[in-house]
1. Enumerate the pairs (first residue in segment 181-204 and within 22 Å of residue 94 (Cα to Cα); second residue anywhere and in a helix (DSSP H, G or I) and modelled with pLDDT under 95) with beta-carbon separation below 6 Å, excluding pairs fewer than 6 apart on the same chain, so at least 6 apart or on different chains.
2. Return the only residue of 192, 145 being under 22 Å from the mean Cα position of the chain (by Cα), within 26 Å of residue 64 (Cβ to Cβ) and either surrounded by fewer than 20 Cβ atoms within 10 Å (Cβ to Cβ) or in the same structural domain as residue 126 (by TED's automatic domain parsing) (or both).
3. Which number in (1) within 13 Å of residue 243 (Cβ to Cβ); (2) in contact with a helix residue (DSSP H, G or I) (Cβ under 8 Å, 6 or more places away or on another chain) marks the one condition that residue 169 misses?
4. Of the numbered conditions (1) part of a loop (DSSP other than H, G, I, E, B); (2) over 18 Å from residue 54 (Cα atoms); (3) more than 20 Å from the chain's Cα centre (by Cα), residue 118 satisfies every one except a single condition; which is it?
5. From the set of residues in segment 60-101 that are out of contact with any strand residue (DSSP E or B) (no Cβ under 7 Å at 6 or more places or on another chain) and farther than 30 Å from residue 251 by Cα, which is surrounded by the most Cβ atoms within 10 Å (Cβ to Cβ)?
6. Which residue out of 104, 119, 112 is within 30 Å of residue 311 (Cα to Cα), surrounded by fewer than 20 Cβ atoms within 10 Å (Cβ to Cβ) and in contact with a helix residue (DSSP H, G or I) (Cβ under 7 Å, 6 or more places away or on another chain)?
7. Could you tell me whether any residue of segment 253-262 is assigned to a loop (DSSP other than H, G, I, E, B), touching a helix residue (DSSP H, G or I) at 6+ places or on another chain (Cβ under 6 Å) and either under 18 Å from residue 332 (Cβ atoms) or without any contact (Cβ under 8 Å) to a residue 24 or more places away in the chain (or both)?
8. Go through segment 236-252 and give me each residue that's farther than 13 Å from residue 164 by Cβ and either buried (at least 21 other Cβ atoms within 10 Å of the Cβ) or touching a strand residue (DSSP E or B) at 6+ places or on another chain (Cβ under 9 Å) (or both).
C-alpha cells in the first residue's frame with residue numbers, strides 16, 4: 001500500500017485512522033491506492049488492537065413501542081457515524097431485566113451501554129456495571145455518580161396542559177398518569193416519568209380558577225388509551241381537554257372519542273407527549289410535546305464516547321430542552 005502510494009507506512013496509517021493530520025496530496029495518493037488495490041480496513045483487528053469490540057448496547061423497557069422504536073433508530077444511526085455497531089435489547093422495564101442488561105454487556109465485552117432505567121434501585125448501577133462505561137436515560141434520581149440524560153417531563157406536561165387551558169378547556173383529564181391525589185407518595189409500581197408528567201399537568205391546572213382535573217389509567221398501549229377514555233365517558237365524565245402522557249395513548253384516546261361521535265378538536269382538545277413520527281400523519285394530526293430526541297441521543301452518545309475514552313471523567317447530568325408542537329388536535 002505505502003509503496004503504491006509513494007508514502008510512508010505511517011502516512012498510510014494516519015490517513016486511514018485519522019490519528020494525525022496528513023497533507024491533501026498524501027491523502028489523495030493513499031485513497032487512490034486503496035481504490036486500486038481494493039483494500040478494506042479490518043475493523044475487527046483494529047478494535048482488537050485498541051482493546052475494543054466496536055459494539056455498544058442500548059437497553060430499553062420495550063422495543064415494540066413508537067417512542068423507544070424511534071429512539072433506537074436514532075441511536076443506531078448516531079453510533080454508526082462513530083464506527084460502532086449498536087445492539088438493542090429489551091428489559092421489560094423491570095429491575096431484573098436492567099441488571100441482566102448490565103451484566104450481559106460486561107460478559108459480552110461491549111464497549112459501553114446506554115440504559116433506559118426504570119426499575120433499578122440506588123447503588124445498583126455501580127454494584128453491577130464494574131468498569132463498564134454506562135450512560136443512564138430516564139428520570140430516576142441516582143445517588144451514585146453516573147452520566148445521566150433526562151428530559152423535561154414536569155415542565156413539558158405543564159406546557160401541554162397550559163396549551164389546552166389557553167384554548168379554553170376547563171375540564172381536563174390526564175390519560176395514563178397515576179392518581180392525582182397520590183403524587184407525593186406514589187406506589188412502588190408507579191413509573192417516575194409519568195409521575196412527573198402528572199405533577200406538571202396538575203400544577204398547571206391549579207393555576208387556572210375553575211379548571212378541574214382527573215386522571216384515568218388502563219396501561220401504556222394504544223388500546224389502553226382507548227379503554228381509559230371509554231371508561232371515563234361511561235362513568236359520565238365530562239371533559240373538554242385530554243393530556244396524554246404518551247403519543248401512543250393519545251392515538252387510542254382519539255379513537256375512543258371518535259367512536260362515540262365526539263369531535264377532535266371541536267368538542268375535545270387532545271395533546272400527547274413524545275412527538276413520534278406518526279403524530280404528524282394521524283387524522284387529526286396530534287399536538288404533542290417534543291422532548292428533544294436529537295439532543296437526548298447526541299448527548300448520550302457524547303457522554304458514552306467520553307466515558308469509553310476516560311473512565312475517570314467527571315459525570316454529567318444533561319436535561320434535554322422541549323418544545324410544544326401544536327397541530328390539528330388542538331385546533332392548530
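The values are calculated or read from the model by the stated rules, or taken from the named source; none is laboratory data. As the structure is a computational prediction, the values presented were derived from the model and not from experiment. Reconstructed Cβ throughout: ideal geometry from the backbone, glycine too, with neighbour counts over all protein chains shown.
1. 186/195
2. Details: 145 fails: within 26 Å of residue 64 (Cβ to Cβ).
Unique residue meeting the criteria: 192.
3. Condition (2) is where residue 169 drops out.
4. (3) is the only condition that residue 118 fails.
5. 99
6. On the way: 104 fails: in contact with a helix residue (DSSP H, G or I) (Cβ under 7 Å, 6 or more places away or on another chain); 112 fails: surrounded by fewer than 20 Cβ atoms within 10 Å (Cβ to Cβ).
Sole residue among the options that is within 30 Å of residue 311 (Cα to Cα), surrounded by fewer than 20 Cβ atoms within 10 Å (Cβ to Cβ) and in contact with a helix residue (DSSP H, G or I) (Cβ under 7 Å, 6 or more places away or on another chain): 119.
7. Within segment 253-262 (the criterion being assigned to a loop (DSSP other than H, G, I, E, B), touching a helix residue (DSSP H, G or I) at 6+ places or on another chain (Cβ under 6 Å) and either under 18 Å from residue 332 (Cβ atoms) or without any contact (Cβ under 8 Å) to a residue 24 or more places away in the chain (or both)), the answer is no, since none of the residues qualifies.
8. Our first condition is that a residue be farther than 13 Å from residue 164 by Cβ; within segment 236-252, this holds for 236-238, 245-249, 251-252.
Listed by number, the residues that qualify are 237, 238, 245, 246, 247, 248, 249, 251, 252.
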